[in-house]
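Remarks on the structure that follows.
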Amino acid sequence: MNKALKLIFAAALAGTVASAVHGADLLAVYRDALVHDAQFSAARAALAAGREKAPQARAGLLPNIGLAAGTTWNETESTPRLNGATATPADYNSNGWTITLTQPLFRWQNWLAYDQAQLAVLAAEAQFGAARMDLIARTTQAYFDVLLAREVLATAQAQKAATAEQLESARRNFEVGTATITDSHEAQSRFDLVVAQEIAAQNELQVKEHALQMLTGKPPETLGRLRHGVTLASPQPADMNRWVDLAETGAATVQVAQVGLEIARREIERQRAGHYPTLDLVATRGNSAQSYSATAGTGVDGKTATIGLQLSIPLFSGGGVASKDREAVALKEKAAADLDNARRSAALAARQAYLGVTSGLSQVRAYEAAVVSSQSALDSNKLGYDVGVRINIDVLNAQTQLYDTAQKLARARLDTLAALLRLKLAAGNLGEEDVAAINGLLE
């Protein structure tokens, strides 16, 4: 391996060698994000809340039992309407309790609400699945951002070392009279520019590391990087239209929208059921007691028990039921439009991601060839500079081209992998096994 490329790879691997014992691969980072990421924790809580819709709706089909009890202290005074009659005071306590059981026999609205609740649970689970796939995409992108930032910094440091070497050579040649002061000034200018780029790369790396730490809760000391010369596979199936078809049916957003449309359809039926009669079974059991009775002169105890059917027929509610019916129809039309938009958006995302993968693979191959060509150009310019047919600026430009091309190659590889994950995300089949597959490409 030539010297310039050795500098690039040595700088990129320096951190890995220095603290490999604290290293983390992509799969470990993703599992840390599963536990720590606040956005995913919110999605998990939302799933738990969504699952409670089913027992809440089921309660409308089950009996309701209520207990009512009370006690009252009474103070009365009775005075007959006779001359000379005296008042008769009476102080006594009355108390009692009643248990009422109501079992719905026919409440069509409640049955439809239960069906809606089952669909709402499906929607909550679909949204949680979408949140999990989104976490994979966010974690992987943050991981790749750190890798790229470290690659940029390593490239800047390698270019700085190579430029410093060229600057020292220009100064020596000027001292012995084989080069002009212009060569030194050009090398110094390029060296100062590379130093500025190194500072910017260090700052960008800190930003990306903090973004990854926000997901995992751990500082990313050392991360596995893509193996040198790794071959990136094409998406399977290698047909964009197949991926579009998968996205239009399997994307998480499409599934949520489909469930939303079904809920809206049942909502129309539920609102129209407001015109239907309801029938309930009602049973009561009660007990009452009175400590004194003015007529009997003693306390009175009473017990009651009833059971029967209660029919309720809605006649007119001010037009509220009809208005809710029209509202539900409009919301169903909105849900249908949302589903159509979700399918179109998923199809567009699949096309963009597929083209991102295929164009990325082509760019990777082009940049790999460009790195070899840039290295050859640098070697030729150095040789030409040594024999006097090239000037110092030619060497500096060739160095800049080599390091810039190597940096673009690293970016193209990571962008291609990210596009592959976005493609699977658009199709709705992104899972932990995809993280493990990419993890196998790291060293």
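The values are calculated or read from the model by the stated rules, or taken from the named source; none is laboratory data. Just so it is clear, the model here is predicted, and its values are computed rather than measured. FYI the Cβ positions are ideal-geometry reconstructions off the backbone, even for glycines, and counts take in every protein chain you see.
Just a yes or no: is a residue in region 148-159 of a type in the set (Asp, Glu), in contact (Cβ under 8 Å) with a residue 40 or more places away in the chain, assigned to a helix (DSSP H, G or I) and surrounded by 17 or more Cβ atoms within 10 Å (Cβ to Cβ)? Don't jump to the end; show me each part of the working.
Taking region 148-159 as the starting set, the residues that turn out to be of a type in the set (Asp, Glu) are 151.
Adding the requirement that they be in contact (Cβ under 8 Å) with a residue 40 or more places away in the chain leaves 151.
Among the residues that remain, those that are also assigned to a helix (DSSP H, G or I) are: 151.
Now narrow it down to the ones that are surrounded by 17 or more Cβ atoms within 10 Å (Cβ to Cβ): 151.
Checked region 148-159: at least one residue is of a type in the set (Asp, Glu), in contact (Cβ under 8 Å) with a residue 40 or more places away in the chain, assigned to a helix (DSSP H, G or I) and surrounded by 17 or more Cβ atoms within 10 Å (Cβ to Cβ).
Looking at ALA353, ALA370, ALA406, ALA398 in this structure, which one is closer than 26 Å to ALA162 by Cβ, touching a Lys or Arg at 6+ places or on another chain (Cβ under 9 Å) and buried (at least 21 other Cβ atoms within 10 Å of the Cβ)? Give the derivation first.
Numbers: ALA353 fails: closer than 26 Å to ALA162 by Cβ; ALA370 fails: buried (at least 21 other Cβ atoms within 10 Å of the Cβ); ALA406 fails: touching a Lys or Arg at 6+ places or on another chain (Cβ under 9 Å).
After ruling out the rest, the residue left standing is ALA398.
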Legend entry - Output for region 89-101, where each listed residue is of a type outside the set (A, V, I, L, M, F, W, C) and surrounded by 15 or more Cβ atoms within 10 Å (Cβ to Cβ): TYR92, SER94, GLY96, THR98, THR100
Legend entry - The one condition in (1) closer than 30 Å to ASP192 by Cα; (2) among the β-branched types (Val, Ile, Thr); (3) modelled with pLDDT of 90 or more; (4) in contact with a helix residue (DSSP H, G or I) (Cβ under 7 Å, 6 or more places away or on another chain) that VAL372 fails to fulfil: (4)
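Any residue that is of a type in the set (A, V, I, L, M) and loosely packed, with under 14 Cβ neighbours inside 10 Å - is there at least one of those in region 252-269?
Of region 252-269, the ones of a type in the set (A, V, I, L, M) are 252, 254, 256-257, 259, 261, 263-264, 268.
From the residues that got through so far, the ones that are loosely packed, with under 14 Cβ neighbours inside 10 Å too are none.
Within region 252-269, none of the residues are of a type in the set (A, V, I, L, M) and loosely packed, with under 14 Cβ neighbours inside 10 Å.
Search region 373-395 for residues being of a type in the set (S, T, N, Q) and either under 22 Å from ARG172 (Cβ atoms) or touching a residue at least 60 places away in the same chain (Cβ under 8 Å) (or both), and hand back the single one that is surrounded by the most Cβ atoms within 10 Å (Cβ to Cβ). Even if it seems obvious, please write down each step before you answer.
Narrowing region 373-395 to residues of a type in the set (S, T, N, Q): 373-376, 380-381, 392.
Next, only the ones that are either under 22 Å from ARG172 (Cβ atoms) or touching a residue at least 60 places away in the same chain (Cβ under 8 Å) (or both) stay: 375, 380-381, 392.
Details: GLN375: 20, SER380: 15, ASN381: 22, ASN392: 24.
Looking at residues that are of a type in the set (S, T, N, Q) and either under 22 Å from ARG172 (Cβ atoms) or touching a residue at least 60 places away in the same chain (Cβ under 8 Å) (or both), I get ASN392.
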Inset, instruction - For THR140, state whether it is of a type in the set (S, T, N, Q), in contact with a Leu (Cβ under 8 Å, 6 or more places away or on another chain), closer than 30 Å to ALA196 by Cα and outside any loop (DSSP other than H, G, I, E, B). - result: yes
Legend entry - Conditions (1) part of a strand (DSSP E or B); (2) under 30 Å from LEU246 (Cβ atoms); (3) among the small types (Gly, Ala, Ser); number of the one not met by SER288: (2)
Inset, instruction - Check LYS382, LYS324, LYS334 and return the single one that is of a type in the set (Lys, Arg), under 30 Å from GLU165 (Cβ atoms) and in a helix (DSSP H, G or I). - result: LYS382
